[in-house]
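The values are calculated or read from the model by the stated rules, or taken from the named source; none is laboratory data. Keep in mind the model is a prediction, meaning the values are calculated, not measured. Just the protein is used for accessible areas: all its heavy atoms, side chains included, with ligands, DNA and RNA removed. Shrake-Rupley method; radii C 1.70, N 1.55, O 1.52, S 1.80 Å.
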Amino acid sequence: MSDLLHIAVSPMGDHSISRAVDGAFVEAFKARHANAEIITHDLAIESIPHLDGEAIGAGYTPEDARSVSAAAKHNYRLGLIKEVNEAKHILVSTPMWNFSVPSVLKAWIDQIIIPGAVAVTGKVTVIISQGGSYAPGAPRAGWDWESGFMKQLFESIGATDVEVIVSEFGLAGIAPGLEAFVDNKAASIAAAKTAAAARASL
Ligand SMILES: Cc1cc2nc3c(=O)[nH]c(=O)nc-3n(C[C@H](O)[C@H](O)[C@H](O)COP(=O)(O)O)c2cc1C
């Protein structure tokens, strides 16, 4: 049982926008919940294995017929699932990479989804940092395959209270062509931090 299960994804350390926004969340969460029990998986450090055939097969094999290796892989999944099921609040912070989630996050997602075993009972907050903007009217409006995916994914495993907080224009001032959006970037990050802190204070 944890008050907060925190999955952090960005490998960019102090330069990460999604981690700066999740910092605002965690700070407010700790202020709201004294002595909160927090489980953190930093996927930039911790390597989550890709789901393989042995792990998948273990789910279809009676417990007493599993090999030692298959049992270990299945039990690893059940351990991650227990954290998900028992968390009062799940926080995922992640970059957008190639219009979707980084593969390390997808590896965690694939590990935790065993139909019938995973069942989210707490709130879910997903913090996403995008390099550009996919808002209505933007040249690539509709190319965001991450925020809707993350919401739908958690709802598919039982979550009824999912909030996705997006900051835009993370590459403004870094990548050429986005110079005009530096102010939008600062405003978007500030708004995301405010939304994250408000969500954590509920
Ligand atoms: C490998 C890679 C792929 C990226 N793909 C996209 C993309 O498809 N769309 C986008 O808006 N930004 C993209 N970006 C930019 C990041 O989303 C942006 O820099 C964001 O701030 C990263 O989050 P972070 O600062 O928490 O690491 C990409 C960055 C990297 C390194």
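Can you list the lysines whose alpha carbon is less than 16 Å from that of K82, not counting same-chain residues fewer than 8 positions off?
Reachable lysines: K73, K123.
Per residue, how much accessible area does segment 4-200 have with a 1.4 Å probe, in Å²?
Details: 9780 Å² over 197 residues.
Heavy-atom accessible area per residue stands at 50 Å².
State log₁₀ I(q)/I(0) for the chain at q = 0.07, 0.10, 0.13, 0.14 Å⁻¹ as given by the Debye formula over alpha-carbon point scatterers of equal weight, solvent excluded.
-0.23, -0.45, -0.73, -0.83
Once you keep just the Cα pairs under 8 angstrom separated by 6 or more residues, what percentage relative contact order results for the chain? Don't skip to the end; give the middle numbers.
Numbers: 348 pairs, mean separation 52.6, N = 202.
It rounds to 26 percent for the chain.
What's the carbon and sulfur percent of the chain's accessible surface, probe 1.4 angstrom, rounded to a whole number? Intermediate results must be reported in sequence, preceding the final value.
Details: 5850 of 10120 Å².
Carbon plus sulfur share of accessible area: 58 percent.
Taking the Cα centroid of segment 27-89 and of segment 105-131, what is the distance between the two, rounded to the nearest whole Å?
Rounded to whole Å, the Cα centres lie 11 Å apart.
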